[in-house]
Amino acid sequence: MKIVVCVKQVPSRDAPLAIGEEGAWIRETDIGFEMNEPDGYALEEALRLKEKHGGEVVVVSLGPERAKQTIKEALAKGADRAIHVVDAAFYKLDPLASARSLAAVMQKESPDLVLTGLQSDDHGFGQTGVLLAELLGLPHATIIMQIEALDGKLKLKRELEAGWFQWLELPLPAVLSVQSGINKPRYATLKGIMAAKKKEIQSVDRATLGVASDATQTIERIYVPQKAKKTEFLAGSAKETAAALIEKLRHEARVLS
């Protein structure tokens, strides 16, 4: 079984973020980066499936040169090889352009299974897996909490609302978006770190893929929400005040239906 895992590098959760000069993204200087946490669960699930059924785990990552640090971490944990789609301005891409770029390299791989994290810790669009499935023409399921592969098909457990779960079956090949908490990701061992130095990282310039990058959505501005307090006094009789308070709770605060 050939499993492709999408892995993204994002700012560290404890990094001191500041808005860049253009106002549409953060300033990336002097902060640390790490593997997107939801992608770590997807990678771990791929490694477990490989250990159980055999095959190969291929990591695909879109980002600048610094993303190789995260790619090497994935290789040290047990992935067999990696494809790095290089683009220094990848953060300007919308989800569709990113998915088109990833799909272009995956089509050459013909994977049996594609795994993504549910969403990224930076943008948080949660659309990569869905769009990849459409572009690759493969069946897709989201919020996956358990994966069983048998007889050329998948038995999956999905998380729904209010504590409910759903079991379903999909044929292979397929694309799955994995929910955080599906497993406990492993740490890279010293042996794995040493082995990663000999594993292949294929670099592909995104501009050479020939995929459309016209934005269907753009981020015009990011900003820190302003905190403000407001006090309003309600005048009138007790009955009038109570009626006015209920109206405000219902229509302004929206805590009453």
- request: Counting only residues that are surrounded by 10 or more Cβ atoms within 10 Å (Cβ to Cβ) and either in contact (Cβ under 8 Å) with a residue 40 or more places away in the chain or touching an Asp or Glu at 6+ places or on another chain (Cβ under 6 Å) (or both), give me the strands (runs of 3 or more DSSP E) lying completely in segment 140-257 with at least 3 of them.
  value: 140-150, 153-159, 174-178, 201-205
- line: Taking first residues from segment 53-74 that are in the same structural domain as residue 103 (by TED's automatic domain parsing) and second residues anywhere that are of a type in the set (Asp, Glu) and in a strand (DSSP E or B), the pairs with Cβ under 8 Å that are 6 or more apart or on different chains are 70/34
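Rundown of residues vs (1) within 20 Å of residue 149 (Cα to Cα); (2) touching a Ser or Thr at 6+ places or on another chain (Cβ under 6 Å); (3) assigned to a helix (DSSP H, G or I), yes/no style:
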position	(1), (2), (3)
44	yes, no, yes
66	no, no, yes
75	no, no, yes
83	no, no, no
91	no, no, yes
- prompt: Any residue in segment 233-242 that is at pLDDT 85 or above, touching a helix residue (DSSP H, G or I) at 6+ places or on another chain (Cβ under 7 Å) and assigned by TED's automatic domain parsing to the domain that holds residue 100?
  reply: no
- prompt: In segment 160-192, what residues are over 20 Å from the mean Cα position of the chain (by Cα) and either within 19 Å of residue 41 (Cα to Cα) or of a type in the set (Phe, Trp, Tyr) (or both)?
  reply: 164, 165, 167, 188, 189, 192
- prompt: Within segment 115-130, is there a residue that is over 20 Å from residue 205 (Cβ atoms), of a type outside the set (Val, Ile, Thr) and over 12 Å from the mean Cα position of the chain (by Cα)?
  reply: no
task: Please go through segment 1-24 and pick out each residue that is buried (at least 16 other Cβ atoms within 10 Å of the Cβ) and of a type outside the set (D, E, K, R).
output: 1, 3, 4, 5, 6, 7, 9, 10, 11
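The values are calculated or read from the model by the stated rules, or taken from the named source; none is laboratory data. These numbers come from a predicted model, not from an experiment. No Cβ is skipped: glycine too gets one built from the backbone with ideal geometry, and neighbour counts run over all protein chains shown.
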